[in-house]
Ligand code: AMP
């Protein structure tokens, strides 16, 4: 059974004594409702570190008005069982009163990074992400923290945050885990009806299509993006595309696409907003 902490002061004291013994701490921040993507992060952390800490916290600060903060799936008992199966040492599941007894006035902005793509459709989102991570890093003082490429822009934002502030934590990226049919695992997939889930497969399939054109020599970003958009829009329940972009490793727009550039997209299927991304030049295909 992992040790469960709710109070920042208690887990801070506990981990301080762990660090005194010379042990390294791997940290996996999550919003819970754990799936195989989270399990992969945990497994990677267990390989690299003496001790693995998983946080389970639906952070209100990263949700905008009218978003799914209230309806976000929550099941702490189930999450703790999964953590136990995976051999997690410590679970940190604070309440809002523990994290935000007083609302922070600090605002974190990284111009050109937090205000594009997700940031332009979800203003304030990355501020909330950065604030909660800064708090977690300061409470837990982990040696390494694990982030999924599924949230590719978030990974870039966190890497930049850590670099700009010289935070003593190594950010470890973890490739996206997909279901057998290609759907990127996400706690939000639980919102999808069976029919909507079928349409959601169009995201992955549009990546395969773009990858095929790329391998055939197509390098025009605009054309590849149009192909993806048109393909996804053919599917029922697709309520709109927020963006389909192809960006370089710094998330700068590209006209001529090269290997290693990323397709990033956000699509609304029924009432569910899904994000996914794909590295062009994927060797596995
Ligand atoms: P979340 O609980 O959705 O906030 O995600 C917590 C962490 O798990 C983040 O670093 C995500 O990028 C990562 N993650 C979520 N889904 C996946 C996935 N399908 N594959 C890999 N990592 C994921």
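The values are calculated or read from the model by the stated rules, or taken from the named source; none is laboratory data. This one's a predicted model, so the numbers in the text were calculated from it and none came from an experiment. Every residue, glycine as well, gets a Cβ built from its backbone with ideal geometry; the counts of neighbours run over all protein chains shown.
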Go over the candidates 219, 144 one by one and state the one that is farther than 21 Å from residue 269 by Cα and more than 16 Å from the ligand (Cβ to nearest atom). 219
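Residue by residue, here is whether (1) away from the ligand (no atom under 13 Å from the Cβ); (2) touching a residue at least 60 places away in the same chain (Cβ under 8 Å); (3) in contact with a helix residue (DSSP H, G or I) (Cβ under 6 Å, 6 or more places away or on another chain) holds:
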site	(1), (2), (3)
22	yes, no, no
40	no, yes, no
47	yes, no, no
50	yes, no, no
57	no, yes, no
65	yes, no, no
70	yes, no, no
78	yes, no, no
82	no, no, no
Looking at 182, 240 in this structure, which one is at positive phi and either in contact with a helix residue (DSSP H, G or I) (Cβ under 8 Å, 6 or more places away or on another chain) or in contact (Cβ under 8 Å) with a residue 60 or more places away in the chain (or both)? 182
When region 85-138 is examined, which residues are found to be surrounded by fewer than 20 Cβ atoms within 10 Å (Cβ to Cβ) and on the phi > 0 side of the Ramachandran plot? 87, 112, 124
Restricting attention to region 35-47, which residues are in contact with a strand residue (DSSP E or B) (Cβ under 6 Å, 6 or more places away or on another chain) and more than 15 Å from residue 187 (Cα to Cα)? 42, 44, 45, 46
Could you look through region 248-266, keep only residues that are in contact (Cβ under 8 Å) with a residue 60 or more places away in the chain and assigned to a strand (DSSP E or B), and pick out the one that is surrounded by the most Cβ atoms within 10 Å (Cβ to Cβ)? 265
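Sort through 166, 187 and tell me the only one that's on the phi > 0 side of the Ramachandran plot and out of contact with any helix residue (DSSP H, G or I) (no Cβ under 7 Å at 6 or more places or on another chain). Give the steps one after another, and end with the answer.
On the way: 187 fails: on the phi > 0 side of the Ramachandran plot.
The conditions single out 166.
Among the residues of region 151-184 satisfying the criterion of being farther than 21 Å from residue 31 by Cα and in a helix (DSSP H, G or I), which is farthest from the ligand (Cβ to nearest atom)? Full working, then the answer.
Residues of region 151-184 farther than 21 Å from residue 31 by Cα: 160, 163-168, 180-182.
Keeping just the survivors that are in a helix (DSSP H, G or I) gives 160, 163-164.
Values: 160: 15, 163: 18, 164: 19 Å.
Checked region 151-184; the qualifying residue farthest from the ligand (Cβ to nearest atom) is 164.
What's the total number of residues in region 24-38 that are in contact with a helix residue (DSSP H, G or I) (Cβ under 7 Å, 6 or more places away or on another chain) and either near the ligand (Cβ under 10 Å from one of its atoms) or at pLDDT below 95 (or both)?
Step one: of region 24-38, the residues in contact with a helix residue (DSSP H, G or I) (Cβ under 7 Å, 6 or more places away or on another chain) are 25-35, 37.
Filter again for either near the ligand (Cβ under 10 Å from one of its atoms) or at pLDDT below 95 (or both), leaving 28-35, 37.
Result for region 24-38: 9.
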Check region 128-141 and report whether any residue there is assigned to a loop (DSSP other than H, G, I, E, B) and at pLDDT 95 or above. yes
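State all residues of region 190-206 that are within 16 Å of the ligand (Cβ to nearest atom), touching a residue at least 40 places away in the same chain (Cβ under 8 Å) and farther than 30 Å from residue 109 by Cβ; if no residue qualifies, say none. Give the derivation first.
Quick first cut of region 190-206, residues within 16 Å of the ligand (Cβ to nearest atom) only: 190-192, 197, 200-201, 203-204.
Filter once more, so that each one left must be touching a residue at least 40 places away in the same chain (Cβ under 8 Å): 190-192, 200, 203-204.
Correct list: 190, 192, 200, 204.
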Unmet requirement for residue 91, which otherwise passes all of (1) within 16 Å of residue 34 (Cα to Cα); (2) free of Cβ contacts under 8 Å to residues at least 60 places away in the same chain: (2)
Assess whether residue 10 counts as being touching a residue at least 24 places away in the same chain (Cβ under 8 Å), more than 15 Å from the ligand (Cβ to nearest atom) and exposed (fewer than 15 other Cβ atoms within 10 Å of the Cβ). no
Pairs where the first residue, in region 145-166, is farther than 18 Å from residue 275 by Cβ and the second is assigned to a strand (DSSP E or B) and near the ligand (Cβ under 9 Å from one of its atoms), C-beta under 6 Å, 6+ apart: 146/28; 146/174
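Determine, yes or no, whether residue 2 is away from the ligand (no atom under 16 Å from the Cβ) and either within 17 Å of residue 185 (Cβ to Cβ) or buried (at least 17 other Cβ atoms within 10 Å of the Cβ) (or both).
Details: away from the ligand (no atom under 16 Å from the Cβ): yes; either within 17 Å of residue 185 (Cβ to Cβ) or buried (at least 17 other Cβ atoms within 10 Å of the Cβ) (or both): yes.
Here the answer is yes, as residue 2 does meet what is asked.
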Single residue of 229, 225, 219 found to be farther than 18 Å from residue 281 by Cβ and in contact with a strand residue (DSSP E or B) (Cβ under 9 Å, 6 or more places away or on another chain): 229
